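Take a look at the structure below.
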Amino acid sequence: MNLEIKLKAGFFKTQDYYLTLEAERIILNPRDDAARERLVIEEKELKSFSIIARNYDTGELEIITDNNIYTGSFSSCTDWEELFRGFAQEFGDKFIFRHGNG
């Protein structure tokens, strides 16, 4: 699973990444900036991974680890069910998915 996301990097600034789900970890690879290093979040340091799907193709995300909080949005997502199943299977109770505005 390889998803395009935008991570917040300050007020009114985002950075483009690819989010990849691998066995027991999340990989965040910069999309267009070779100067930025990829981020690897191991399952053991992950406290929670939350997704709020606002409509059929956009949503927000929050990744909380032992040392950082990453927030951002999905550039697009066409299959929320597949996304939900993948993250729920990999991270269990650490994964939170909500669809809608509430």
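The values are calculated or read from the model by the stated rules, or taken from the named source; none is laboratory data. Keep in mind the model is a prediction, meaning the values are calculated, not measured. Positions of Cβ are generated from backbone atoms using ideal geometry, with glycine treated the same way; all protein chains shown enter the neighbour counts.
Quick look at the numbers
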read-out	value
Filter result (β-branched (Val, Ile, Thr) and either touching a helix residue (DSSP H, G or I) at 6+ places or on another chain (Cβ under 8 Å) or at pLDDT below 95 (or both)) within the stretch 41-62	ILE51, ILE52, THR58
Lone qualifier among ARG98, ARG31, ARG54, ARG38 - being without any contact (Cβ under 8 Å) to a residue 24 or more places away in the chain and either closer than 25 Å to GLY10 by Cα or surrounded by 12 or more Cβ atoms within 10 Å (Cβ to Cβ) (or both)	ARG38
Residues being over 12 Å from the mean Cα position of the chain (by Cα), under 14 Å from GLY86 (Cα atoms) and of a type in the set (A, V, I, L, M, F, W, C) - total across the stretch 1-56	1
Lone qualifier among ASN29, ASN2 - being in contact with a strand residue (DSSP E or B) (Cβ under 7 Å, 6 or more places away or on another chain), at pLDDT below 90 and not aromatic (Phe, Trp, Tyr)	ASN2
Every residue from the stretch 10-26 that is at pLDDT below 90 and not in a strand (DSSP E or B)	GLY10, PHE11, PHE12, ALA23, GLU24
Residue match in the stretch 78-92 (condition: modelled with pLDDT of 90 or more and closer than 14 Å to LEU3 by Cβ)	no
Restricting the stretch 57-95 to residues that are assigned to a helix (DSSP H, G or I) and in contact (Cβ under 8 Å) with a residue 60 or more places away in the chain, the residue that is surrounded by the fewest Cβ atoms within 10 Å (Cβ to Cβ)	GLU82
